[in-house]
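The values are calculated or read from the model by the stated rules, or taken from the named source; none is laboratory data. Since this is a predicted model, take the numbers as computed values, not measurements. Neighbour counts are summed over all protein chains in view; Cβ atoms, including those assigned to glycine, are modelled from backbone coordinates with ideal geometry. SASA here: full protein model, heavy atoms, side chains in, ligands and nucleic acids out. Shrake-Rupley method; radii C 1.70, N 1.55, O 1.52, S 1.80 Å.
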Amino acid sequence: MAGAARHRRARAVAAALAAAVLYVSTTGCNSDPPSILDNDTEVGAKSDQPGTSYSPHDGEYNGFDIAVVGTLMNMLGYETPRFSGVLSKNRAKLLHDGDVQLVAATYSITPSRMAPKDKGGDDLDFVGPYASTQQGFLIRDADRSIRSLADLSGKVVCVWKGTTSANELSKPAHDKIVKRVEEDANYCVNALKNKEVDAVSTDQLILYGFMDANPSLRVVDGIKFGEPNDYGIAMAKGHRKDCVRLRDKLTQYLSKATAWENDFRNNLPAVPKATRDEARPTEDEVMALSCVDRPGDSPPD
């Protein structure tokens with residue numbers, strides 16, 4: 001643990017020095033920052049989302065997020081990266097602090113996250129989407145009272161900080177739903193199993209992972225809401241060449257007949273075929289959202 005902490009501190013110092021070098025270079029000749037992609041790249045991932053990003057034991061991670069980023073790094077000729085746990089609310093901060101170089105944690109690509117800091121954004125670049133999903137609800141399997149959004153009126157729904165569902169359910173259209181906000185997914189799932197809440201809401205793909213791991217719970221198939229969430233691999237801006245390298249490997253990965261399909265089905269077997277087909281992105285979608293400051297900007301070469 002001490003060695004890992006020293007390594008993270010060293011990477012953080014290196015990131016700060018790189019930023020300083022980049023700043024100084026703007027007064028003289030142009031210089032690209034050091035690459036963040038190598039055999040020591042550390043990736044932030046969720047530790048509590050079975051199927052997408054999960055750590056059953058200390059230092060061991062599995063799930064679809066893990067499979068995708070590991071495959072892309074291998075395709076670039078690097079070893080499978082190290083992973084460390086992140087929460088939804090601290091993903092951007094860990095990237096900017098240099099504690100991790102990438103985040104693959106069901107991180108939705110949004111205009112505010114992509115926007116540069118001087119435009120009020122989170123100042124992140126994304127490689128993706130590698131999957132897309134809408135919001136949904138997880139309930140106890142024995143509950144037959146919830147079949148539509150209208151049935152959730154007056155019900156207590158658990159979400160966690162920093163998620164799309166937390167924002168979506170705050171909109172006036174959902175003001176009849178009682179929202180309970182927790183720190184992470186585990187709190188919500190346990191609250192549902194203990195009958196402290198009536199449902200859990202987040203991305204449907206995440207919910208199907210929980211359903212597969214918890215036979216007493218199920219996803220309400222008939223409820224999808226909100227705009228599709230496009231998952232991307234995030235990095236702090238300033239590494240556009242690295243972003244493009246990963247983007248190009250992602251398009252190659254998606255173009256293979258069975259690679260994406262096999263990884264998805266192996267990690268998220270409970271997802272119905274129709275939902276799985278909707279989740280698969282196209283190369284055009286990847287080019288439109290990867291390594292740009294706004295959706296639809298001209299993609300870099």
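Could you check region 43-54 and list, in sequence order, the residues that are within 17 Å of Tyr107 (Cβ to Cβ) and either part of a loop (DSSP other than H, G, I, E, B) or open to solvent by 10 Å² or more (accessible area, probe 1.4 Å) (or both)? Don't jump to the end; show me each part of the working.
Filtering region 43-54 down to residues within 17 Å of Tyr107 (Cβ to Cβ) leaves 43-49, 51-54.
If the condition is that a residue be within 17 Å of Tyr107 (Cβ to Cβ) and either part of a loop (DSSP other than H, G, I, E, B) or open to solvent by 10 Å² or more (accessible area, probe 1.4 Å) (or both), then Lys46, Ser47, Asp48, Gly51, Thr52, Tyr54 are the ones that fit.
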Residue hits (region 160-180; touching a residue at least 24 places away in the same chain (Cβ under 8 Å) and among the hydrophobic types (A, V, I, L, M, F, W, C)) are Trp160, Leu169, Ile177, Val178
Considering residues that are part of a helix (DSSP H, G or I) and open to solvent by 10 Å² or more (accessible area, probe 1.4 Å), the number found within region 185-207 is 4
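Could you tell me whether any residue of region 123-138 is in a loop (DSSP other than H, G, I, E, B) and open to solvent by 10 Å² or more (accessible area, probe 1.4 Å)?
Just the residues of region 123-138 that are in a loop (DSSP other than H, G, I, E, B), to begin with: 123.
From what is left, the residues that are open to solvent by 10 Å² or more (accessible area, probe 1.4 Å) are 123.
Yes, region 123-138 contains at least one residue that is in a loop (DSSP other than H, G, I, E, B) and open to solvent by 10 Å² or more (accessible area, probe 1.4 Å).
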Pairs returned, first residue in region 36-62 that is of a type in the set (Lys, Arg), second residue that is crowded, with 22+ Cβ neighbours inside 10 Å, beta-carbon separation under 7 angstrom, 6 or more apart or interchain, are Lys46/Thr52; Lys46/Ser53; Lys46/Val86; Lys46/Ala105; Lys46/Thr106
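Residues checked against (1) more than 30 Å from Phe210 (Cα to Cα); (2) open to solvent by 50 Å² or more (accessible area, probe 1.4 Å); (3) modelled with pLDDT of 50 or more:
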position	(1), (2), (3)
Ala5	yes, no, no
Arg8	yes, yes, no
Val24	yes, yes, no
Asn39	yes, yes, yes
Tyr61	no, no, yes
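Applying the selection to region 235-280, what residues are under 13 Å from Val68 (Cβ atoms), among the acidic types (Asp, Glu) and exposed (fewer than 15 other Cβ atoms within 10 Å of the Cβ)?
Looking only at region 235-280, we keep the residues that are under 13 Å from Val68 (Cβ atoms), and these are 246-247, 249-254, 256, 259-264, 266-268, 279-280.
Within this subset, residues satisfying the condition of being among the acidic types (Asp, Glu) are 261, 263.
Hit for region 235-280 is Glu261, nothing else.
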Counted residues in region 285-301 being out of contact with any helix residue (DSSP H, G or I) (no Cβ under 6 Å at 6 or more places or on another chain), assigned to a loop (DSSP other than H, G, I, E, B) and of a type in the set (A, V, I, L, M, F, W, C) come to 1
